[in-house]
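The values are calculated or read from the model by the stated rules, or taken from the named source; none is laboratory data. These numbers were taken from a predicted model, which means no experiment stands behind them. In this analysis, Cβ positions are derived from the backbone assuming ideal geometry, glycine residues included, and neighbour counts consider all displayed protein chains. Surface areas here come from the heavy atoms of the whole protein model, side chains and all, with no ligands, DNA or RNA. Shrake-Rupley method; radii C 1.70, N 1.55, O 1.52, S 1.80 Å.
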Amino acid sequence: MSWRPLVPILNARISAVSSTWFAEALRDAERGAGTEIFAARWSGLGRRFGRASVIMAGAEGEALAVVSGQVLGDGWALDEAGRAALLMCGLAATAVGRHLRIVAELFRTGEVREQRALARVLAFLPQPERFSEIAVEAIRINAASVFEGIACDNPYPATHLAEGAFNQMVVKALFNGISVARIRGLAQRRTPELIRMVTALSSERLAAGRAVPQDAALITKGQADAAV
Amino acid sequence: MQLFDPHVHMTSRTTDDYQAMAAAGIAAVVEPAFWVGQPRTHVGTFEDYFLSLLGWERFRAQQFGIRHFCTLALNPKEANNEALAAGVIGLLRRYLEKDGVVAVGEIGYDDQTEAEHRRFTEQLALAREFELPVLIHTPHRDKKRGTERTLALIAETKFPPELTLVDHNNEETLEMVLRSGCWAGHSIYPATKMDEPRMVTLVQKYGAERILVNSAADWGVSDPLKVPKTAEALRRAGVADAAIETICWTNPVRFFAQSGRLELGDGVVPPGVDQRQLWEGNSVLRGQAPRVDGQRPRDS
Ligand SMILES: [Zn+2]
């Protein structure tokens with residue numbers, strides 16, 4: 001996967017001190033992702049990159065990996081995109097058979113920014129279908145930023161999740177007031193079962209005298225295509 | 001005036017507390033890892049505790065517009081459990097590097113045993129390695145002697161006093177802590193430790209420099225509003241607003257900012273903040289993620 005063009009894009013947006021640190025971190029990652037030093041770099045990156053958004057200009061993102069229209073790192077926070085590059089670099093130097101265990105361990109021991117970065121990068125990792133259990137874990141987490149990391153503006157769920165997990169994610173988004181218009185590929189995953197679940201949620205809200213989430217209609221009335 | 005509670009165990013508190021704290025002007029808290037009341041019997045329990053301080057508790061606080069940071073350590077009480085201690089110190093090597101960890105703490109003496117001394121010393125070395133300040137618990141029994149030993153260890157190991165916050169001070173310990181160059185914390189408690197009128201007297205005597213107050217609220221009889229209540233007591237006693245702000249906001253910010261990880265975001269958090277505005281990146285609950293053009297972050 002082409003992540004290398006991301007490095008100069010990030011370096012243009014971080015301080016010189018952070019760029020030097022990043023170059024060393026990538027050198028460490030080139031020896032593999034399953035090491036102590038990799039874990040330390042993975043965690044230490046956050047405070048060196050910050051959380052400003054990476055908005056790519058013009059042709060800037062052209063050489064980067066694209067999955068379902070999402071350009072790797074475009075619109076992401078700097079720390080998310082930096083961690084994505086670091087992980088892709090580390091995994092490229094690691095036997096494929098060890099990838100799942102390493103990524104699962106990073107997720108298990110991650111603080112919220114780390115978990116969110118993982119959720120966003122899953123679709124760009126080699127053989128992404130292997131990581132579906134991690135996506136499901138991210139959906140179960142209540143911290144909004146991690147849940148949104150997997151559910152919103154992310155091609156992973158629609159491409160790789162089974163119907164049950166995908167539907168839980170959609171209903172949880174509605175439940176928590178997160179716009180389902182931000183769920184990629186929703187139109188293609190609008191099944192009778194999902195329509196039934198969302199109709200049931202709307203009915204429960206009406207019975208309780210509460211408002212039905214506005215964009216529930218995207219699913220029940222089939223206006224998802226227009227919104228996505 | 002926005003307020004900072006630099007020592008509060010929110011894990012043990014309810015959302016009612018968060019609500020009341022936000023309404024009283026508390027905009028940021030530091031939650032030190034400490035004893036949870038029931039002794040732990042597995043290293044893994046510590047790991048889950050650290051993870052909840054880095055994840056769930058941060059999210060809970062954000063829902064009320066409060067920034068939550070933590071300090072991680074093997075606490076003095078459980079340093080006496082040899083079966084756990086080495087394992088927990090091993091965990092710290094991984095977790096001290098994380099975002100939101102603004103110091104190593106609480107470390108220090110409790111019963112003042114040999115085991116406590118050894119783990120205290122080891123964790124001072126860890127703080128140096130990870131370039132973090134330390135938050136030091138002083139014992140409730142034999143406090144004066146424990147504080148003397150603490151300051152002696154800081155001097156002996158040449159740990160920088162400006163990176164050291166010695167907590168739970170009283171009339172008998174404050175002067176020596178200030179003289180050492182360390183920062184001095186005060187836990188304002190309903191019955192024990194320190195109360196508001198005594199704190200007023202201490203501020204009138206010693207001023208505001210390097211002095212902090214906290215609620216140390218936990219699972220016992222304690223009050224998470226003690227920082228705003230102390231600010232009010234100081235105001236009523238005629239202490240200048242500038243000095244109150246120094247004690248209840250600027251000092252904790254300056255101390256923990258030395259970690260390089262105190263991300264306070266832009267501007268002031270008004271009480272009654274819109275709960276849809278979260279601090280974790282571009283997490284606006286409804287609609288599209290804001291596409292604000294990136295600015296260069298500060299040098300690391
Ligand atoms: Zn405490």
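Summary of computed values
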| item | result |
| --- | --- |
| Residue in region B:58-80 that is more than 16 Å from the ligand (Cβ to nearest atom), under 21 Å from residue B:139 (Cα atoms) and over 15 Å from the mean Cα position of the chain (by Cα) present | yes |
| Of all residues in region A:130-146 being within 21 Å of residue A:96 (Cα to Cα) and touching a helix residue (DSSP H, G or I) at 6+ places or on another chain (Cβ under 7 Å), the one that is most open to solvent (accessible area, probe 1.4 Å) | A:130 |
| Residues of region B:28-39 that turn out to be surrounded by fewer than 17 Cβ atoms within 10 Å (Cβ to Cβ) and either away from the ligand (no atom under 12 Å from the Cβ) or within 14 Å of the chain's Cα centre (by Cα) (or both), as a count | 2 |
| Candidate set: region A:36-56, residues that are more than 7 Å from chain B (Cβ to nearest Cβ) and open to solvent by 10 Å² or more (accessible area, probe 1.4 Å); chosen: the one farthest from residue B:102 (Cα to Cα) | A:56 |
| Given (1) modelled with pLDDT of 95 or more; (2) not in a helix (DSSP H, G or I), number of the condition residue A:159 does not satisfy | (2) |
| Residues of region B:55-91 classified as touching a Leu at 6+ places or on another chain (Cβ under 7 Å), surrounded by fewer than 24 Cβ atoms within 10 Å (Cβ to Cβ) and within 14 Å of chain A (Cβ to nearest Cβ), total | 2 |
| Any hit, region B:206-215, residues being in contact with a Cys (Cβ under 9 Å, 6 or more places away or on another chain) and within 16 Å of the ligand (Cβ to nearest atom) | yes |
| Residue within region A:22-35 that is within 9 Å of chain B (Cβ to nearest Cβ) and either surrounded by 23 or more Cβ atoms within 10 Å (Cβ to Cβ) or farther than 12 Å from residue A:81 by Cβ (or both) present | no |
| Residue check, residue B:200 of a type outside the set (D, E, K, R) and buried (at least 24 other Cβ atoms within 10 Å of the Cβ) | no |
| Among (1) out of contact with any strand residue (DSSP E or B) (no Cβ under 8 Å at 6 or more places or on another chain); (2) outside any loop (DSSP other than H, G, I, E, B) - the single one residue A:123 does not satisfy | (1) |
| Any hit, region B:250-261, residues being buried (at least 17 other Cβ atoms within 10 Å of the Cβ), in contact with a strand residue (DSSP E or B) (Cβ under 7 Å, 6 or more places away or on another chain), modelled with pLDDT of 60 or more and assigned to a loop (DSSP other than H, G, I, E, B) | yes |
| Sole residue being facing chain B (nearest Cβ under 9 Å), under 18 Å from residue A:57 (Cα atoms) and surrounded by 18 or more Cβ atoms within 10 Å (Cβ to Cβ), chosen from A:14, A:9 | A:14 |
| Output for region A:131-152, where each listed residue is more than 9 Å from the chain's Cα centre (by Cα), charged (D, E, K, R) and within 14 Å of chain B (Cβ to nearest Cβ) | A:137, A:140 |
| Test for residue A:127: is it open to solvent by 30 Å² or more (accessible area, probe 1.4 Å), modelled with pLDDT of 95 or more and at positive phi | yes |
| Candidate set: region B:1-18, residues that are in a loop (DSSP other than H, G, I, E, B) and within 16 Å of the ligand (Cβ to nearest atom); chosen: the one surrounded by the fewest Cβ atoms within 10 Å (Cβ to Cβ) | B:13 |
| Positions within region A:176-199 being outside any loop (DSSP other than H, G, I, E, B) and within 14 Å of another protein chain (Cβ to nearest Cβ), in sequence order | A:180, A:181, A:182 |
| Some residue of region B:19-27 being under 17 Å from the mean Cα position of the chain (by Cα), within 16 Å of the ligand (Cβ to nearest atom) and in a strand (DSSP E or B) | no |
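For every residue, the table says whether it meets (1) touching a residue at least 60 places away in the same chain (Cβ under 8 Å); (2) within 14 Å of chain B (Cβ to nearest Cβ); (3) more than 20 Å from residue A:182 (Cβ to Cβ).
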{"site": "A:65", "(1), (2), (3)": "yes, no, yes"}
{"site": "A:70", "(1), (2), (3)": "yes, yes, no"}
{"site": "A:83", "(1), (2), (3)": "no, yes, yes"}
{"site": "A:108", "(1), (2), (3)": "no, yes, yes"}
{"site": "A:119", "(1), (2), (3)": "no, yes, no"}
{"site": "A:126", "(1), (2), (3)": "yes, no, yes"}
{"site": "A:129", "(1), (2), (3)": "no, no, yes"}
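Every residue, every condition in (1) open to solvent by 40 Å² or more (accessible area, probe 1.4 Å); (2) of a type outside the set (A, V, I, L, M, F, W, C); (3) within 26 Å of residue B:91 (Cβ to Cβ); (4) more than 18 Å from the chain's Cα centre (by Cα), yes or no:
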site	(1), (2), (3), (4)
A:77	no, no, no, no
A:80	no, yes, yes, no
A:100	yes, no, yes, no
A:105	yes, yes, yes, no
A:116	no, yes, yes, no
